[in-house]
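Presented below is the structure to which this report refers.
The values are calculated or read from the model by the stated rules, or taken from the named source; none is laboratory data. As the structure is a computational prediction, the values presented were derived from the model and not from experiment. Note that each Cβ is placed from the backbone with ideal geometry, even for glycine, and that neighbours are counted across all protein chains shown.
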Amino acid sequence: MVLGRCGGGVLIRRGMATVVAAIALLGVAVEVHAAGYRTANFVVEAPTEALARKIGDAAEQYRHTLAIEWTGSPLPRWSRPCPITAQVAPNLGAGGATSFVFDRGEVFQWTMTIQGSEERILDSVLPHEITHTIFASHFRRPLPRWADEGACTTVEHPVERARQHRLLIEFLTTGRGIAFPEMFAMKEYPADVLPLYSQGYSLARYLIERGGRHTYVAFVADGLATDNWSGSLAKHYGVSDVAQMQHVWLEWVKQGCPAPPASLVAAVPSPPVAATARGQSPDAAVGSAPVATSAARTSIYAQARRGQAAPAVR
Ligand SMILES: [Zn+2]
C-alpha cells in the first residue's frame with residue numbers, strides 16, 4: 001500500500017517567473033465514496049453518510065480543542081473548507097496525508113486523505129492530521145519535519161504512541177538514529193523516514209512533558225523566526241544547544257523515559273480545555289495503556305515516500 005506524504009506543505013515562491021509548486025497526487029487507491037457531509041471547515045467524503053457525519057463532526061471538534069491546546073485560542077474559520085476523503089474499513093492500515101499551499105504568509109488549498117478503521121481514524125489519524133492544519137494555520141510556513149510529525153504523533157492514541165517508542169528503541173540499537181544537528185536541519189523527509197517519526201515523536205514528547213504544548217509552540221516559533229534552534233532550546237528549555245539536547249534526551253530514553261520531576265510538572269500550565277478521551281491522555285501512559293487487539297493496526301504514517309514529489313519547495 002502506498003500512501004501520500006503526511007503533513008506536507010507546499011511553499012510557493014514567486015521569483016522572476018511564476019513558480020507553481022504542484023501538489024503531488026496522493027497514491028491512495030480511489031474508492032467510490034457514497035456520502036458527503038459538510039461542516040463549517042470540512043467537506044467529508046466517506047463510505048456512508050453516518051461515517052461522513054461522524055468524521056466531520058470529530059474534525060471540527062479536534063480543530064477547536066487542539067488549536068486551543070496548542071496555541072491557546074481557536075482557529076478562525078477557513079475561507080474555504082478542507083476536503084477530507086476517508087477510506088474506512090476494519091482491516092485498513094491507519095494513515096493519512098494532508099497537503100496545503102503556503103503563499104506569502106497565507107495557507108490554503110487544503111486536502112486531507114485519511115484511512116483506517118473507524119476507531120483508529122477517529123482516535124489517531126484525524127487528530128494527527130488536524131494538528132498539521134493547526135500548525136500550518138498558526139505558523140504559516142513549513143516546520144522542521146521532526147517538530148511537525150513529532151508533535152502530531154503526540155495526539156494519537158496511546159497504542160500508536162507506544163508503537164513509535166518501540167520503533168525508536170529498535171532504530172537506536174540498530175544504527176538508524178539521526179544525529180540531532182542533522183535532524184534539526186531537515187526540512188524534508190529523509191530517505192529513511194521511519195526514524196524521523198519515532199525520534200521526532202520522542203523528542204516532542206520529552207519537551208511537551210516538561211514545558212507543555214504552548215511552550216513547545218513558542219519554542220518552534222522562535223526557532224523558525226531566528227533559525228537558531230540552539231538559542232530557542234536554551235530560551236525555552238534551558239538546554240545549551242542542539243548537541244546538548246541530544247545528550248539529555250538520549251539519557252532520558254536510556255532511563256526508560258521517566259516522567260519529569262514533580263516540580264517541573266507543577267510548572268506546566270494545564271491546557272485550557274480538558275483533554276478529550278480520544279488519544280489525548282498524557283504520554284506517560286504509554287506502555288501501560290491497554291492495547292487493543294484488533295488486527296491490522298499498523299500505522300503507515302511513517303512509510304517512506306520514496307518516488308513521490310517533494311512535499312515542500314524551500
Ligand atoms: Zn503527519
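With the requirement that a residue be at pLDDT below 95 and closer than 21 Å to ASP222 by Cα, what does segment 144-191 give you?
Answer for segment 144-191, where residues must be at pLDDT below 95 and closer than 21 Å to ASP222 by Cα: ALA185, MET186, LYS187, GLU188.
Among the numbered criteria (1) over 16 Å from the mean Cα position of the chain (by Cα); (2) closer than 30 Å to SER232 by Cβ, which single criterion is violated by SER79?
With (1) over 16 Å from the mean Cα position of the chain (by Cα); (2) closer than 30 Å to SER232 by Cβ applied to SER79, the lone miss is (2).
May I ask you to list the residues in segment 84-105 that are away from the ligand (no atom under 16 Å from the Cβ) and aromatic (Phe, Trp, Tyr)?
PHE102 - this is the single residue of segment 84-105 that is away from the ligand (no atom under 16 Å from the Cβ) and aromatic (Phe, Trp, Tyr).
Identify all residues within segment 212-237 that are surrounded by 21 or more Cβ atoms within 10 Å (Cβ to Cβ) and more than 15 Å from the chain's Cα centre (by Cα); write none if there are none.
Result: GLY223, TRP229, SER232, LEU233.
Counting only residues that are modelled with pLDDT under 50 and crowded, with 18+ Cβ neighbours inside 10 Å, which one in segment 25-55 is farthest from GLY95 (Cα to Cα)?
Looking at residues that are modelled with pLDDT under 50 and crowded, with 18+ Cβ neighbours inside 10 Å, I get LEU26.
For segment 178-211, name all the residues that are part of a helix (DSSP H, G or I) and surrounded by fewer than 19 Cβ atoms within 10 Å (Cβ to Cβ).
PRO181, GLU182, ALA185, LEU194
Give VAL248, VAL239 a once-over and let me know the one that is assigned to a loop (DSSP other than H, G, I, E, B), of a type in the set (Val, Ile, Thr) and modelled with pLDDT of 95 or more.
None of the other options fit; the residue is VAL239.
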